[in-house]
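Enquirer: I have a structure I would like to understand better, so I am pasting it below and will then ask my questions one at a time.
The values are calculated or read from the model by the stated rules, or taken from the named source; none is laboratory data. From a predicted model like this one, the values you see are computed outputs, not experimental measurements. Cβ: placed from backbone, ideal geometry, glycine included. Neighbour counts: every protein chain shown. Remember, those area values only see protein heavy atoms, side chains included, never the ligands or the DNA or RNA. Shrake-Rupley method; radii C 1.70, N 1.55, O 1.52, S 1.80 Å.
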Amino acid sequence: MMNRGHYEYLDDVATADVAFRATGATLEDVFVACADATLEVMLPDPDTLENRVKRRITISAENEEMLLFNFLGEIIFLKDAEQLLLRVQSMEVSGGRIQAECAGDKIDAEKYVLGVDVKAVTMYKYHVRRTPAGWQAQVVLDI
Amino acid sequence: MTIPKELQRISEACWMLPPAYKDGMLVPALIYGTERLINEMENGVFEQVSNVATLPGIVRAAFCMPDGHWGYGFPIGGVAAFDAEDGVISPGGIGFDINCGMRLVTTNLRERDVKPRIEELINQLYRRVPAGVGGKGLLKTSHGEFRRLVEQGARWCVERGYGWEEDLELTEHRGCLEGADSKDVSDKAVQRGHNQVGTLGSGNHYLEIQVVREKNIYDRDAAEVMGITMPDQVVVMFHCGSRGFGHQVATGYLRKFLGVMTSKYGIPIRDRELACAPVNSPEGSAYFSAMKCAVNMAFANRQVILHRIREVFADVFGSRAEDLGMHQVYDVSHNTAKIETHEVNGEKRKLLVHRKGATRAFAPGMEDVPAAYKRIGQPVIIGGSMETGSYLLVGRETGAETFFSTCHGSGRVMSRRAAKRTFRGEKILQDMRNRGIYVRAVSMPGLAEEAGGAYKDVDDVVLATEVAGLTRRVVRFEPIGNVKG
């Protein structure tokens, strides 16, 4: 079982949208936690998600911030383009590249208790930074 | 909430932060609202509206409407105009949901005709107008056809039988912004949005059946011009935008702008969500064209939804939509940037007006106000929270200060997380049913986030626009049925 970082939603940033902060020992942990936090907005009980479809997501970018921005953007893209809700099964970050194995299921309002749609990752108060304990990311999602 | 001590009241419903408030402010920030609304605003509103006032080429002031609240980049309720030649364009001044907007349709039915069929109507609308996370429409378009759709807007739909010719006359810009070239749109945006035409989305998007009460008609003459002619008349109002297509367009160009804003154009970045580029730069003009495609997608989306609504009413009442008097009143956008001509210091200037969670409200006689409404002014459709009520307003001459802009809804006061902790979707559903409002919602947590108590008082907000001279109230509507994403 891979490590998943920790995340908490923040009340005091952007009233109309959803903000969260994720922490973890490694960049992978934090990125996975951010993907989990994004999924939970759309699927309030993420543990109910069945692994029926697999997707590999590969992202390249110039720095950690753009890697995460593009990675979350891809998950949101697949939610509309392929009607998929996904969870990360494993991830490797190295040399400016994310390789993630994801699994999940087609969106189905009969089968799942759905939350609200995520439109986009915003750049408002967005950061990915090193901390003494590892890494931290803060994200505001547009709802 | 902490109101900045520099905030000065300059008239009954207008407050100012002077340029001295923050380094780099080129113009003052003007915030509209009654004392109560201003006191309800989060600190983030003052921070964000003053950040907007630092953007290059901003003209007159950075504005925030009475429903203003803390967003990303611009505050929600933000309005800013830039010189159309030398100014900038900013995706964060428009929002990810490009051309999110409102459409209003009349019927010749009364509450007593509709009430007995309300469950059937709402259940059918729920099926025919898909809502919620993801959301795939019933209309299928190939990628190539979708590219034509985003260049042509609502006309694409009407030419294929999704609506009436008169609908175009009664849509802002006749449902199509010119200069939308789909070569400026990524394949990803097309892949994401091509199957979502005719869908509501979620969050604060909804479709509502509403009633006009005699006591809620403020201007009988203007109401009659807009087809509101009898007591207890039923209307249909809905709120949605350009769906995943617009979100992807905005995301792609935000990334592009961040890469060139400082390095190529020397504009300092205060908040990356305020990324911008000169409007006439290659990046700026490509985004403007792609944004117009997203504007057109939203007009097409609302056009197809209108068509579905007419189909459902025709089916339930066994009568043609024409015979049910299902005329579109108007369609307004509240997340856009558009080139408009306004008078600044006695001189007519071409400006790029950004409105994010703010509605254009042109005065009587102005260009682009449909012939039918030239005398009364442009209709402005304001969606309140689903539990309270909504409004139809009109633009007026005294709105010139804000480049003829007004509020767009009631505006949130409580965060989504706090609303979910405070309210329960199932209870709201039951309470609303007890009050005679039949609701179908895709998401119970989503319903809790949209509770009436999470919003400002819509009556206060529209009254503030009236006191400030931005718009005038014509009719207030009360909900009797609602489809919620």
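Enquirer: Please work out which one of (1) buried (at least 24 other Cβ atoms within 10 Å of the Cβ); (2) in contact with an Asp or Glu (Cβ under 9 Å, 6 or more places away or on another chain) is the condition B:VAL59 fails and give its number.
Expert: Going through the list (1) buried (at least 24 other Cβ atoms within 10 Å of the Cβ); (2) in contact with an Asp or Glu (Cβ under 9 Å, 6 or more places away or on another chain), B:VAL59 breaks only (1).
Enquirer: Among the residues of region B:393-415, write down those that are open to solvent by 10 Å² or more (accessible area, probe 1.4 Å) and within 14 Å of another protein chain (Cβ to nearest Cβ). First the steps, then the outcome.
Expert: Of region B:393-415, the ones open to solvent by 10 Å² or more (accessible area, probe 1.4 Å) are B:396-398, B:400-401, B:404, B:408, B:413-415.
B:HIS408, B:VAL413, B:MET414, B:SER415, listed by residue number.
Enquirer: Look at B:ASN296 and say whether it is within 14 Å of chain A (Cβ to nearest Cβ), crowded, with 23+ Cβ neighbours inside 10 Å, under 30 Å from B:GLN210 (Cα atoms) and not basic (Lys, Arg).
Expert: Considered against the rule, which asks whether it is within 14 Å of chain A (Cβ to nearest Cβ), crowded, with 23+ Cβ neighbours inside 10 Å, under 30 Å from B:GLN210 (Cα atoms) and not basic (Lys, Arg), B:ASN296 comes out as no.
Enquirer: Please work out if B:GLY101 is more than 14 Å from chain A (Cβ to nearest Cβ), in contact with a helix residue (DSSP H, G or I) (Cβ under 9 Å, 6 or more places away or on another chain) and under 26 Å from B:MET226 (Cβ atoms). Outline the logic, then answer.
Expert: Numbers: more than 14 Å from chain A (Cβ to nearest Cβ): yes; in contact with a helix residue (DSSP H, G or I) (Cβ under 9 Å, 6 or more places away or on another chain): yes; under 26 Å from B:MET226 (Cβ atoms): yes.
Spelling it out, B:GLY101 is indeed more than 14 Å from chain A (Cβ to nearest Cβ), in contact with a helix residue (DSSP H, G or I) (Cβ under 9 Å, 6 or more places away or on another chain) and under 26 Å from B:MET226 (Cβ atoms).
Enquirer: Also: Scan region B:27-47 residue by residue and report those that are touching a Gly at 6+ places or on another chain (Cβ under 7 Å) and part of a helix (DSSP H, G or I). Please lay out each step first, then the result.
Expert: Kept after step one, since they are touching a Gly at 6+ places or on another chain (Cβ under 7 Å), are these residues of region B:27-47: B:31, B:41, B:45.
Result: B:VAL45, single match.
Enquirer: While we're looking at this one, here's another question. If I go through region B:417-444 residue by residue, how many of them are within 14 Å of chain A (Cβ to nearest Cβ) and open to solvent by less than 10 Å² (accessible area, probe 1.4 Å)?
Expert: Residues flagged as within 14 Å of chain A (Cβ to nearest Cβ) and open to solvent by less than 10 Å² (accessible area, probe 1.4 Å) within region B:417-444 amount to 3.
Enquirer: Output the residue which, of all residues in region A:14-54 that are part of a strand (DSSP E or B) and away from chain B (no Cβ under 14 Å), is most open to solvent (accessible area, probe 1.4 Å). So that I can check it myself, show each step before the final result.
Expert: Going residue by residue through region A:14-54, those that are part of a strand (DSSP E or B) are A:18-24, A:53-54.
Next, only the ones that are away from chain B (no Cβ under 14 Å) stay: A:22-24, A:54.
Numbers: A:ALA22: 0, A:THR23: 53, A:GLY24: 17, A:LYS54: 152 Å².
Per the stated criteria, the residue is A:LYS54.
Enquirer: So A:ALA100 fits all but one of (1) without any contact (Cβ under 8 Å) to a residue 12 or more places away in the chain; (2) crowded, with 22+ Cβ neighbours inside 10 Å; (3) over 30 Å from B:ILE269 (Cα atoms); what number is the exception?
Expert: In the conditions (1) without any contact (Cβ under 8 Å) to a residue 12 or more places away in the chain; (2) crowded, with 22+ Cβ neighbours inside 10 Å; (3) over 30 Å from B:ILE269 (Cα atoms), A:ALA100 misses (1) alone.
Enquirer: Checking B:GLY325 against (1) surrounded by fewer than 23 Cβ atoms within 10 Å (Cβ to Cβ); (2) out of contact with any Ser or Thr (no Cβ under 6 Å at 6 or more places or on another chain); (3) farther than 30 Å from B:VAL249 by Cβ, which test does it fail?
Expert: (2)
Enquirer: Evaluate the following for B:MET366: is it within 14 Å of chain A (Cβ to nearest Cβ), among the aliphatic types (A, V, I, L, M), open to solvent by 10 Å² or more (accessible area, probe 1.4 Å) and part of a loop (DSSP other than H, G, I, E, B)? Full working, then the answer.
Expert: Numbers: within 14 Å of chain A (Cβ to nearest Cβ): no; among the aliphatic types (A, V, I, L, M): yes; open to solvent by 10 Å² or more (accessible area, probe 1.4 Å): yes; part of a loop (DSSP other than H, G, I, E, B): yes.
Considered against the rule, which asks whether it is within 14 Å of chain A (Cβ to nearest Cβ), among the aliphatic types (A, V, I, L, M), open to solvent by 10 Å² or more (accessible area, probe 1.4 Å) and part of a loop (DSSP other than H, G, I, E, B), B:MET366 comes out as no.
Enquirer: On the basis of being under 23 Å from B:CYS64 (Cα atoms) and modelled with pLDDT under 95, does B:ARG412 make the cut? Lay out the reasoning, then the answer.
Expert: Numbers: under 23 Å from B:CYS64 (Cα atoms): yes; modelled with pLDDT under 95: yes.
The answer is yes for B:ARG412.
Enquirer: For A:LEU72, all conditions in the list (1) surrounded by fewer than 21 Cβ atoms within 10 Å (Cβ to Cβ); (2) within 13 Å of chain B (Cβ to nearest Cβ); (3) in contact (Cβ under 8 Å) with a residue 60 or more places away in the chain hold save one; what is the number of the exception?
Expert: With (1) surrounded by fewer than 21 Cβ atoms within 10 Å (Cβ to Cβ); (2) within 13 Å of chain B (Cβ to nearest Cβ); (3) in contact (Cβ under 8 Å) with a residue 60 or more places away in the chain applied to A:LEU72, the lone miss is (1).
Enquirer: Moving on. Of the residues that sit in region B:416-456 and are in contact (Cβ under 8 Å) with a residue 12 or more places away in the chain, part of a loop (DSSP other than H, G, I, E, B) and not aromatic (Phe, Trp, Tyr), which one is farthest from B:MET237 (Cα to Cα)?
Expert: Among them, the one singled out is B:ARG424.
Enquirer: Further question: Restricting to region B:232-269, count the residues that are over 18 Å from B:VAL88 (Cα atoms), open to solvent by 40 Å² or more (accessible area, probe 1.4 Å) and at the interface with chain A (Cβ under 8 Å from one of its Cβ atoms). Break it down into steps so the answer makes sense when it comes.
Expert: Filtering region B:232-269 for residues over 18 Å from B:VAL88 (Cα atoms) gives B:232-248.
Narrowing further to those that are open to solvent by 40 Å² or more (accessible area, probe 1.4 Å): B:232.
If we keep only those that are at the interface with chain A (Cβ under 8 Å from one of its Cβ atoms) too, we end up with none.
The qualifying residues number 0.
Enquirer: Oh, and also: Can you tell me which residue within region B:71-114, out of those that are under 30 Å from B:ILE38 (Cβ atoms) and β-branched (Val, Ile, Thr), is most open to solvent (accessible area, probe 1.4 Å)? Break it down into steps so the answer makes sense when it comes.
Expert: Here is the first cut: in region B:71-114, the residues under 30 Å from B:ILE38 (Cβ atoms) are B:71-83, B:87-102, B:104.
If we keep only those that are β-branched (Val, Ile, Thr) too, we end up with B:76, B:79, B:88-89, B:94, B:98.
On the way: B:ILE76: 25, B:VAL79: 1, B:VAL88: 4, B:ILE89: 0, B:ILE94: 0, B:ILE98: 0 Å².
Checking each candidate, the answer is B:ILE76.
Enquirer: If you don't mind, there's one more thing I want to ask. Tally the residues that are more than 22 Å from the chain's Cα centre (by Cα), crowded, with 20+ Cβ neighbours inside 10 Å and modelled with pLDDT under 95, restricting the search to region B:115-140.
Expert: Count: 1.
Enquirer: Out of curiosity, is B:GLY144 more than 23 Å from B:PRO370 (Cβ to Cβ), without any contact (Cβ under 8 Å) to a residue 12 or more places away in the chain and in a loop (DSSP other than H, G, I, E, B)?
Expert: Values: more than 23 Å from B:PRO370 (Cβ to Cβ): yes; without any contact (Cβ under 8 Å) to a residue 12 or more places away in the chain: yes; in a loop (DSSP other than H, G, I, E, B): no.
Taking the combined requirement at face value, the residue does not satisfy it.
Enquirer: When you look at B:GLY24, is it crowded, with 24+ Cβ neighbours inside 10 Å and assigned to a loop (DSSP other than H, G, I, E, B), yes or no?
Expert: Details: crowded, with 24+ Cβ neighbours inside 10 Å: no; assigned to a loop (DSSP other than H, G, I, E, B): yes.
So B:GLY24 fails the test.
Enquirer: Still on this structure, I have one more. Among B:GLU449, B:GLU387, which is the only one that is within 14 Å of chain A (Cβ to nearest Cβ), over 22 Å from B:ARG9 (Cα atoms) and modelled with pLDDT under 95?
Expert: Details: B:GLU387 fails: within 14 Å of chain A (Cβ to nearest Cβ).
The conditions single out B:GLU449.
Enquirer: Out of B:ARG213, B:ARG272, which single residue is within 30 Å of B:ALA454 (Cβ to Cβ), open to solvent by 10 Å² or more (accessible area, probe 1.4 Å) and more than 9 Å from chain A (Cβ to nearest Cβ)? Outline the logic, then answer.
Expert: Values: B:ARG272 fails: more than 9 Å from chain A (Cβ to nearest Cβ).
The match here is B:ARG213.
Enquirer: Return the pair list, or none, for Cβ contacts closer than 6 Å from residues in region B:180-204 that are at the interface with chain A (Cβ under 10 Å from one of its Cβ atoms) to residues that are surrounded by fewer than 20 Cβ atoms within 10 Å (Cβ to Cβ) and basic (Lys, Arg), at least 6 apart or on different chains.
Expert: Pairs found: B:ASN195/B:LYS136.
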